[in-house]
């Protein structure tokens, strides 16, 4: 007897969905790790750079760089959501339709 799990696993759309999501997820994960750990390495090894004032004000470079890390996180989350809504949702629906046949 063929179970629904077997039908889903045999669906080429499922394999396409799985591989695309996995590859894209790892790409975004690596990008986030590079940005985050790059910032941590700056804190550890270049405190002088982060403590340098911008112009004649009291704001240092650490503030916009830290803010940039936060903005980058929000942006890549948005990128993932957009891709999920455009591509992954269609493939998920195709897998569901095939599984219910």
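Read the figures in this text as sums done on the coordinates, not as results from a lab. These numbers were taken from a predicted model, which means no experiment stands behind them. Here Cβ is always computed from backbone atoms with ideal geometry, including for glycine, and neighbour counts include all displayed protein chains.
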Practice task
Six or more apart or on different chains, Cβ under 7 Å: which pairs go from a residue in the stretch 22-34 that's closer than 14 Å to residue 79 by Cα to one that's surrounded by 10 or more Cβ atoms within 10 Å (Cβ to Cβ)? Could you list them?
Solution key: 24/83; 28/76; 28/80; 31/76; 32/73; 32/76
Exercise for the section: Within the stretch 51-101, count every residue that is out of contact with any helix residue (DSSP H, G or I) (no Cβ under 9 Å at 6 or more places or on another chain), part of a loop (DSSP other than H, G, I, E, B) and surrounded by fewer than 10 Cβ atoms within 10 Å (Cβ to Cβ). Expected result: 4
